[in-house]
Every structure is written in C-alpha cells, then in structure tokens.
Amino acid sequence: MSKQIVFLLALLLLSVACGKKSTIKTSVEAEKLSCAYGDCKHIIRNVAFPLDNSMLAFNNPLPGLGPIAGGIIKFVGDIFAKNTDMGRMEMQYVQPLPEIPSVVKSVRLKRFFFYMKPMNKKLSFRRKVTDWLSRYLLGKGHTTFKFLDKLAVRLSAVDVVDEKNYVPTLMTKLDNEEAVESLDSIFKKAKQSRVVDTEIAKEIILLKYYKKTKSLDTSSKNYGQIHYLETTQDPIALRDYFANSRELAPFLTRVMLLDKSILVELKRDPISNVTFQNFMEKYADEIESRFDVNYIDTCDENSCLEINVPDINLLPIALKGNSLKLESVLEADNVPESFKLKGFVEFELKIESDV
C-alpha cells in the first residue's frame, strides 16, 4: 500500500509541475483518493510530456509509464531529427521494459499533438499581438505541414536475449536500401480500424497520417484552442504567469513548457477564446516588459496536427515480450527552414488502489 501512495503522490506532484493546480480540498469527512481521482477502484490520471524532451517521460517516477512513454516520444523525435534530407525513411527501435508493478492496470495513448512554427517576423510586441489577432480571427496562416506526406508508427512486443545488457539502437533504412518490414499497406486503406482485441493482438498502429486522407487521420474538434508563445527570458516564469492567472483559470486546460516557449490550451468553448484575446490585449505591456515574448501564434489546421490515436490499453500488447519494438515510415520533402519538432504526447495511467 505504501508504494501505491508514493506512486500517487509522484503523479499529483507531476500534474502540479505541469501547470495544473491541485483540486484536493480539506474536509471533515475524508474521501478515498481513488474516488477523488478515479473510479473508486483505480487512480486515473492523464499526464502530458513535450516532444522535445523525452527524458521527462523516461525519468518520471510513475510505474509502468516511463519506459513506454519515453520510448514512444524519443522514437518519434528521432524520426524527424534523423530525416534531415527528407525523402523516404524507415526506422526501427527496440526498448527493453523493466518489470511493471501489478497495480498498474492500464497505459493508454490519448493524444499526439504536433506544432509547426512559422517563420519569425521582427515586430514590436504590440504589433505581434495585432498580427496574431489578425491571423487568428481571419485565418491567415504562414508555414504549413504540407511538406509531410506520410507518417506511420507501429508498436509491438518482442523478446530480446539478455535484455538487461541490451543497448537500444535506432536502425535507419532509406528507400534505396533493404527496408525493414514495410508499413505501406496501411496507407492503402481508406480508414484504419481502431477496434483492437489487445488480448490477441501482437501489434498496434499508434500513428497514421497520410496527406490524402488528412481529414480521416486528424481531428481537433474535441479540444479547445491552443496558443503558442516564445520568450527570450525565463519560460518557466512565463508558464507560471498564465497558469496562475485567476482571470484565465476557469478557461485553461493546460499550460505546458516547451523549451523556450509554452503552449496554452483552452477549454473547448467560444468564451475561452474571447477571454484569452482580451487577456492578451489587456496585459500586452506587462507581458512584453516582464517576459520579452518574441513570438505568439494560434493553432489552425495548417500549423498544428492533432493525429488520431487508438484509445486502447497498451499494456496487454507490451507485456507479450520483454521489450517494445517501434517501427516507422516517413515520407516528406521541402521541409521549411523554420521547422523544429514541437508538441506533446498525452497518456492516461490507471493504478489499482484501495486508498
């Protein structure tokens, strides 16, 4: 039981560190934590990690999540980092799994969000706010994801000999070499089935994006508006400024740190967007003087990709071997000069608890 409490506390501390405020309230009658944060049998929490720092996922203290989340995030980051010449590339990565505690009942991939930063403009902050509002209200985008043609990532379980001493190695195959097992067949299907029997299945397609079927492979209708802000000062202070704002608190879903920038995700309603616009105009001078925000942007269908993911428990598949195997295919060209992979991956963790 003590281990479960440690796990929960670590999870709650991580949630607070990511910009969310704790909702624990003192009362005379104590409430089970598994009821306050789950279904009264399990503690259920969502945790998001930035794409540009996979070590946050690898090193987090939550049982069963680190090796799975860290491996997936690192692999996707490496796909884009290695493919500097673009064209076609296939990659493979094997990540040994430590023993996962029996109290961990589910690890689900919930969201995969990519952000494409347009080219910077040298403007005053007031002009930045005006330019941002103009593009937001009128739908004027700059750089887009049109350079990306195909992307697929498959997860399966394998058995590695002497996994304790196995060193994970990224294997890269180009289109003019002998390729790893191809993922091309999934692009021939108009719609990839998301119904998977994880007790039987030995693999799962985590990500599938095809430019020709973009409307089927992506969706942002279930989420609120996302804004991106870059600073030359302390990004943690900028994150806390928005996360701790009483005016914005009722309208925020998350405020996430991304290197020298932050993502501000609002709740899904029109009032949230209007409130944020008013906030930015009202406090433009203060934000400029305190944080030197040198770029702001708002997600649209060109600058952001919310790729559909299978909402299933990955553990039954992962535990069929002692290691995770990740494979991918990527086809892209004419990458914009300003391209740098940004975004986040969100997981849901379910831990059995009677606390």
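The values are calculated or read from the model by the stated rules, or taken from the named source; none is laboratory data. Worth saying up front: this structure is predicted, and the values here are computed from it rather than measured. Please note: Cβ atoms are built from the backbone with ideal geometry, for glycine as well, and neighbour counts cover all protein chains shown.
Looking only at region 294-309, residues that are within 16 Å of Glu348 (Cα to Cα) and in contact with a strand residue (DSSP E or B) (Cβ under 6 Å, 6 or more places away or on another chain) come to 1 in all.
Sub-7 Å Cβ pairs linking a first residue in region 186-205 that is in the same structural domain as Lys325 (by TED's automatic domain parsing) to a second residue that is at pLDDT below 75, at least 6 apart or interchain, are Ile186/Gln192; Ile204/Val196; Ile205/Gln192, ordered by first then second residue.
Conditions tested, residue by residue: (1) buried (at least 16 other Cβ atoms within 10 Å of the Cβ); (2) under 17 Å from the mean Cα position of the chain (by Cα); (3) part of a strand (DSSP E or B); (4) among the hydrophobic types (A, V, I, L, M, F, W, C).
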residue: Ile271; (1), (2), (3), (4): no, no, no, yes
residue: Arg290; (1), (2), (3), (4): no, no, no, no
residue: Leu324; (1), (2), (3), (4): yes, no, yes, yes
residue: Gly343; (1), (2), (3), (4): yes, yes, yes, no
residue: Phe347; (1), (2), (3), (4): yes, yes, yes, yes
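Remark: Leu174 matches the filter, which requires a residue to be in the same structural domain as Ile72 (by TED's automatic domain parsing) and modelled with pLDDT under 65. Within region 194-231, being in a loop (DSSP other than H, G, I, E, B) and modelled with pLDDT of 90 or more holds for Tyr223, Gly224, Gln225. Please tell me if Ser34 is over 16 Å from the mean Cα position of the chain (by Cα), surrounded by 12 or more Cβ atoms within 10 Å (Cβ to Cβ), at pLDDT 50 or above and polar (S, T, N, Q). For Ser34, the condition - over 16 Å from the mean Cα position of the chain (by Cα), surrounded by 12 or more Cβ atoms within 10 Å (Cβ to Cβ), at pLDDT 50 or above and polar (S, T, N, Q) - is met.
Condition (residue is at pLDDT 85 or above and either within 19 Å of Pro67 (Cα to Cα) or of a type in the set (Asp, Glu) (or both)) applied to region 291-303: is it met by at least one residue? Yes: one or more hits.
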